[in-house]
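Structure, as structure tokens:
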């Protein structure tokens, strides 16, 4: 007589049931139409035919935009999405419609352009809200780049902008969060910035595109390049290493006002004019002590209205006139 196989207690099957449930859940996500193929008769996100497999996407994952059909893509379906990816070979999309919150992490969210086309993001009047720290990556393929024309609300989060290609942010930048610039491309700010977190320029360039482009309450730490581009601006303070450059590559002279956050940083980099006729001037306000120690050649002069200015090299204050007004002073000559 054959021996009957021993039966196992039910508890031994519980992990298996859990694993099957997890696999079924992953299968459901895998079959969601995450890739835009533009197969519909219009450019609406709610039109499932626009997504691969003709099924609605799972908005808790990143949406991918591919191909060259229905390039005017309109969000009429959701107020949040993990992230937005433009795939290699994608045409020049313009995403518009309802404002969105980016809910993914840096690894699973963000906005990235992997194509050789300029991609435009223009969501609603309130634009893009960061639900967590995010990266805007303009990519490295020639012809690419990012243009975000709507407002960006940082909240308390950090926005990192990177890529070899350039990024333009044309709307307001608001919140208590921070902005970090990585990559060799240029970040051009055209809107009104009022965020109060630190601005860190590690590499590449941050370029002003208006007189309100740079956040007046933000402490700037510059290791790359800060370019006024002919627009006078105000920042909280200026610090940075000797690789940092502050310049005015514009058609007209411009003044950088700094010190309003009353801190006492040191800027070891260089402050220079741009092209001929575009002199750069420095205006120091606030009660803190600003230290310059680089080989500065700016010609527009230096005005000290409040606090202390420490010249830690013979060329720290450029070649222009030093003017002390209001309650400004002293000017201290360092080592």
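Here are a few things to note about the model shown:
Yes or no, residue by residue, for (1) modelled with pLDDT of 95 or more; (2) touching a helix residue (DSSP H, G or I) at 6+ places or on another chain (Cβ under 7 Å); (3) more than 19 Å from residue 213 (Cα to Cα); (4) buried (at least 23 other Cβ atoms within 10 Å of the Cβ):
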position: 250; (1), (2), (3), (4): no, no, no, no
position: 256; (1), (2), (3), (4): yes, no, no, yes
position: 259; (1), (2), (3), (4): yes, no, no, yes
position: 269; (1), (2), (3), (4): yes, no, yes, yes
position: 272; (1), (2), (3), (4): yes, no, yes, no
position: 280; (1), (2), (3), (4): yes, no, no, yes
position: 289; (1), (2), (3), (4): yes, no, yes, no
position: 304; (1), (2), (3), (4): yes, no, yes, yes
position: 311; (1), (2), (3), (4): yes, no, yes, no
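- Residues of the range 259-273 satisfying the condition of being within 14 Å of residue 317 (Cα to Cα) and under 23 Å from the mean Cα position of the chain (by Cα): 267, 269
- Residue 251 meets the conditions (1) more than 20 Å from residue 202 (Cβ to Cβ); (2) touching a residue at least 40 places away in the same chain (Cβ under 8 Å); (3) in a loop (DSSP other than H, G, I, E, B) in every case but one. The failed one is (2).
- Hey, residue 112 under 27 Å from residue 245 (Cβ atoms) and buried (at least 20 other Cβ atoms within 10 Å of the Cβ) or not: no
- Any hit, the range 221-239, residues being surrounded by fewer than 23 Cβ atoms within 10 Å (Cβ to Cβ), more than 29 Å from residue 139 (Cβ to Cβ), touching a strand residue (DSSP E or B) at 6+ places or on another chain (Cβ under 9 Å) and modelled with pLDDT under 95: no
- Residue match in the range 151-165 (condition: within 21 Å of residue 231 (Cβ to Cβ), surrounded by fewer than 21 Cβ atoms within 10 Å (Cβ to Cβ) and at pLDDT 95 or above): no
- Residue in the range 77-92 that is assigned to a loop (DSSP other than H, G, I, E, B), crowded, with 20+ Cβ neighbours inside 10 Å and touching a residue at least 40 places away in the same chain (Cβ under 8 Å) present: no
The values are calculated or read from the model by the stated rules, or taken from the named source; none is laboratory data. Everything numeric in this text was worked out from a predicted model, so none of it was measured. Cβ coordinates were reconstructed from backbone atoms using ideal geometry, including for glycine residues, and neighbour counts include every protein chain displayed.
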